[in-house]
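Worksheet: one structure, shown below.
The values are calculated or read from the model by the stated rules, or taken from the named source; none is laboratory data. A quick note: this is a predicted structure, and the numbers were derived from the prediction, not measured. Positions of Cβ are backbone-derived with ideal geometry, glycine not excepted, and every protein chain shown enters the neighbour counts.
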Amino acid sequence: MENYGKIIAPGTIRFERLLPGPIERVWAYLTDSEKRGKWLASGEMDLKVGGKVHLHFFHADLSSHQETLPEKYKSYEHGSSFTGTVIRCTPPTLLTFTWGDGSEVTFELQKQGEKVLLVLTHRHLENIKARIGVASGWHTHLGILVARLEGNEPEGFWSVHSQIEKEYTQLLTEL
């Protein structure tokens, strides 16, 4: 399975990752603030249609590796937050909510033997800058999720993100 996100429709990118199960464990890493805070962002989720999703990003806490924040992301030095709204929720297989910029994220989980296939789809990315930012962010965050679920210490967020952002800039501007 290739790790790069794929543009599947205008303004829509999809990622797939095969993760260690069981499905309930993966669901917890998507929905429980403490577990989600180890790979993406902490914050409470009201897991019902219309419920609020509070995400508080602090990338320095995603790994024990100390690293310098890239100059273009200095505004994230003390973290960032936003609130979205749950659109669909069917535990433990489906969660869709709005993202801070008005876009939309869907997580779908499917059992595959002892593993769980995670399909992440991010929709309504209206310009190339948003697609590159979202693609490189999700790619990096999903790598941290895989490491956490496998019991490994992830690499530092910004060092991975800086490299993968260059790759997505090339991939997505060639389309």
Of all residues in the stretch 56-86 being over 17 Å from the mean Cα position of the chain (by Cα) and surrounded by 14 or more Cβ atoms within 10 Å (Cβ to Cβ), which is modelled with the lowest pLDDT?
Leu69
Failed condition for Leu125, given (1) within 15 Å of Ile13 (Cβ to Cβ); (2) touching a helix residue (DSSP H, G or I) at 6+ places or on another chain (Cβ under 6 Å); (3) in a helix (DSSP H, G or I):
(3)
Name the single residue, out of those in the stretch 93-114 being farther than 18 Å from Val146 by Cβ and over 15 Å from the mean Cα position of the chain (by Cα), that is surrounded by the fewest Cβ atoms within 10 Å (Cβ to Cβ).
Gly102
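Yes or no, residue by residue, for (1) in contact with an Asp or Glu (Cβ under 6 Å, 6 or more places away or on another chain); (2) of a type outside the set (A, V, I, L, M); (3) on the phi > 0 side of the Ramachandran plot; (4) in a loop (DSSP other than H, G, I, E, B):
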{"site": "Ile7", "(1), (2), (3), (4)": "no, no, no, no"}
{"site": "Ala28", "(1), (2), (3), (4)": "no, no, no, no"}
{"site": "Leu47", "(1), (2), (3), (4)": "no, no, no, yes"}
{"site": "Thr68", "(1), (2), (3), (4)": "no, yes, no, yes"}
{"site": "Lys72", "(1), (2), (3), (4)": "no, yes, no, no"}
{"site": "Ser75", "(1), (2), (3), (4)": "no, yes, no, no"}
{"site": "His78", "(1), (2), (3), (4)": "no, yes, no, yes"}
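For Lys35, indicate whether it is part of a helix (DSSP H, G or I), among the basic types (Lys, Arg) and modelled with pLDDT under 95.
no
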Scanning for something surrounded by fewer than 17 Cβ atoms within 10 Å (Cβ to Cβ) and hydrophobic (A, V, I, L, M, F, W, C), does the stretch 37-48 turn up at least one residue?
yes
Considering only the stretch 115-128, I want to know if a residue exists there that is of a type in the set (S, T, N, Q), modelled with pLDDT under 95 and more than 17 Å from the chain's Cα centre (by Cα).
yes
Just checking, does the stretch 123-132 include any residue being without any contact (Cβ under 8 Å) to a residue 40 or more places away in the chain, charged (D, E, K, R) and either over 19 Å from Ala28 (Cα atoms) or surrounded by 20 or more Cβ atoms within 10 Å (Cβ to Cβ) (or both)?
yes
Which of the residues that make up the stretch 128-160 are touching a Phe, Trp or Tyr at 6+ places or on another chain (Cβ under 8 Å) and part of a loop (DSSP other than H, G, I, E, B)?
Pro154
